[in-house]
Amino acid sequence: MAQLAIAVLIVIIGSAICSGTEVALLSLPLLKARQLAQNRNPATLALLAIREKVSRPIASIVILNNIFNIVGSFIVSRIAAEIFGNLMLGIFSGILTFLIILFAEIVPKTIGERYAEQFGLLVAVPVRSLTWLMTPIILVLEKLTAPLVKGNHRPVTNEAEIKLLAMLGYQEGLIEDDEAEMIQKVFRMNDIAAKDIMTPRVAITYIEGHQSLESAQQEIMQSQHSRIIVTGEELDDVLGVALKAELLAALVQGRGQDPVNSCMRQARYIPATERSDKLLKTFQTAREHLMIVVDEYGGVSGVVTLEDVLEVLIGEIVDETDRNVDLQALARQRRRRLLQRQGFQTDLNRNR
């Protein structure tokens, strides 16, 4: 009887360890394993190696689990038949099956899923050793199953999952609401083009470059922008960009007769379809704060600033010199007034 009890315990405990280990390794995210491996501990490094190529360790565990279940059950049945005879063998088999389902499957898998990190670190080194030991068998199995799993590689994560994790983290109090909002906005950047955040051409402040600083003094002083577009005879003929501070400094220095274009610097151009994430990189690389947005025909659509791009992430930025917060709304108002003066009042009312 003692021999039978020992055999039953070996089968249940061995199968339980295999079941719990399998679930723990599969439940632990790869990103979490990479985070744990930063301390360079042998257990965490072994766990990361397992998670990076989990198919072989899982195959080893499944093989060992089946050895416990099939071979162990066969041996237990032989011992039970000698003790109880064929009459009681069926009842004993039913009890053994119930014990295996409960204590070798349900309970260990529940524990393995709930304590995946602790369980995974505990068994990582033994599982890696077991995998090396069973490598010849696993290689044969991989050759046999290769046609079924070929090209089935999946990415570790994706944009939707990261957004969901940020939302869940906020709901559970793990991250602040502003942090969750910032994460959501970061992913919006590649969906927003320059034309969506630019100041439209009807709201652009510009000065013709051929006129003298003295004649343009009033326009310079009334401008609420620190950078002013310098053009030729029309807006589509952009000559460059002038800093308001430099224009005012030139006036103070008595250079009022100099042309405006003597104080300007070169302008940079970007297409209206440029994504805001790439635009931010361009601003950083070029060390510029303002760029001219052009349409598909090369005409000026508007201007975009570094501030416009940053507002995608952190919301509206307003300083003490801003008289108009939403320049796009101002542009729509100007366009409406222009159309009204040209006799399009009826069409405007119809489209509202």
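The values are calculated or read from the model by the stated rules, or taken from the named source; none is laboratory data. Everything quoted here is computed from the prediction, not taken from an experiment. For neighbour counting, all protein chains shown are included, and Cβ atoms are generated from backbone atoms with ideal geometry for every residue, glycine included. Areas reflect the complete protein model, heavy atoms only, side chains present, ligands, DNA and RNA absent. Shrake-Rupley method; radii C 1.70, N 1.55, O 1.52, S 1.80 Å.
Taking the stated definitions as given, is Ala180 at pLDDT below 85, among the aliphatic types (A, V, I, L, M), outside any loop (DSSP other than H, G, I, E, B) and surrounded by 13 or more Cβ atoms within 10 Å (Cβ to Cβ)? Break it down stepwise before answering.
Details: at pLDDT below 85: yes; among the aliphatic types (A, V, I, L, M): yes; outside any loop (DSSP other than H, G, I, E, B): yes; surrounded by 13 or more Cβ atoms within 10 Å (Cβ to Cβ): yes.
Yes, satisfied.
Could you identify the single residue in Ile207, Ile137 that is modelled with pLDDT of 85 or more and either polar (S, T, N, Q) or within 30 Å of Leu247 (Cα to Cα) (or both)? Step through it out loud before you land on a result.
Numbers: Ile137 fails: either polar (S, T, N, Q) or within 30 Å of Leu247 (Cα to Cα) (or both).
Result: Ile207 is the single residue among Ile207, Ile137 that is modelled with pLDDT of 85 or more and either polar (S, T, N, Q) or within 30 Å of Leu247 (Cα to Cα) (or both).
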When you go through (1) under 20 Å from Glu113 (Cβ atoms); (2) open to solvent by 40 Å² or more (accessible area, probe 1.4 Å); (3) within 34 Å of the chain's Cα centre (by Cα) one by one for Thr21, which number turns out not to apply?
-> (2)
Out of Lys53, Lys32, sole residue that is without any contact (Cβ under 8 Å) to a residue 40 or more places away in the chain, under 25 Å from the mean Cα position of the chain (by Cα) and open to solvent by 40 Å² or more (accessible area, probe 1.4 Å) = Lys53
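Condition check ((1) over 24 Å from the mean Cα position of the chain (by Cα); (2) in a helix (DSSP H, G or I); (3) modelled with pLDDT under 85) across all residues:
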| position | (1), (2), (3) |
| --- | --- |
| Phe92 | yes, yes, yes |
| Ile101 | yes, yes, no |
| Val107 | yes, yes, no |
| Ile111 | yes, yes, no |
| Trp132 | yes, yes, no |
| Leu141 | yes, yes, yes |
| Val156 | no, no, yes |
| Lys163 | no, yes, yes |
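Rundown of residues vs (1) among the polar types (S, T, N, Q); (2) free of Cβ contacts under 8 Å to residues at least 60 places away in the same chain; (3) in contact with a strand residue (DSSP E or B) (Cβ under 6 Å, 6 or more places away or on another chain); (4) surrounded by 16 or more Cβ atoms within 10 Å (Cβ to Cβ), yes/no style:
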{"position": "Gln218", "(1), (2), (3), (4)": "yes, yes, no, no"}
{"position": "Gln222", "(1), (2), (3), (4)": "yes, yes, no, no"}
{"position": "Arg227", "(1), (2), (3), (4)": "no, no, yes, yes"}
{"position": "Gly254", "(1), (2), (3), (4)": "no, yes, no, no"}
{"position": "Cys263", "(1), (2), (3), (4)": "no, yes, yes, yes"}
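How many of the residues in region 252-291 are part of a strand (DSSP E or B), more than 18 Å from Glu311 (Cα to Cα) and over 27 Å from the mean Cα position of the chain (by Cα)?
First pass over region 252-291, keeping only residues part of a strand (DSSP E or B): 259, 264-265, 269-271, 275, 290-291.
Still in the list and also more than 18 Å from Glu311 (Cα to Cα): 259, 264-265, 269-271.
Then keep just the ones that are over 27 Å from the mean Cα position of the chain (by Cα); that gives 259, 264-265, 269.
Final tally of qualifying residues: 4.
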Which members of region 244-260 meet the condition of being touching a Leu at 6+ places or on another chain (Cβ under 8 Å) and among the hydrophobic types (A, V, I, L, M, F, W, C)?
-> Leu247, Ala250, Leu251, Val260
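Could you pull out the residue among Ile75, Ile63, Ile83 that is in a helix (DSSP H, G or I), among the hydrophobic types (A, V, I, L, M, F, W, C), touching a residue at least 12 places away in the same chain (Cβ under 8 Å) and under 15 Å from Met134 (Cβ atoms)?
On the way: Ile75 fails: under 15 Å from Met134 (Cβ atoms); Ile83 fails: under 15 Å from Met134 (Cβ atoms).
Going through Ile75, Ile63, Ile83 in turn, the sole match is Ile63.
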With criteria (1) out of contact with any Cys (no Cβ under 7 Å at 6 or more places or on another chain); (2) within 26 Å of Leu213 (Cβ to Cβ); (3) open to solvent by less than 60 Å² (accessible area, probe 1.4 Å), Ala250 comes up short on (1)
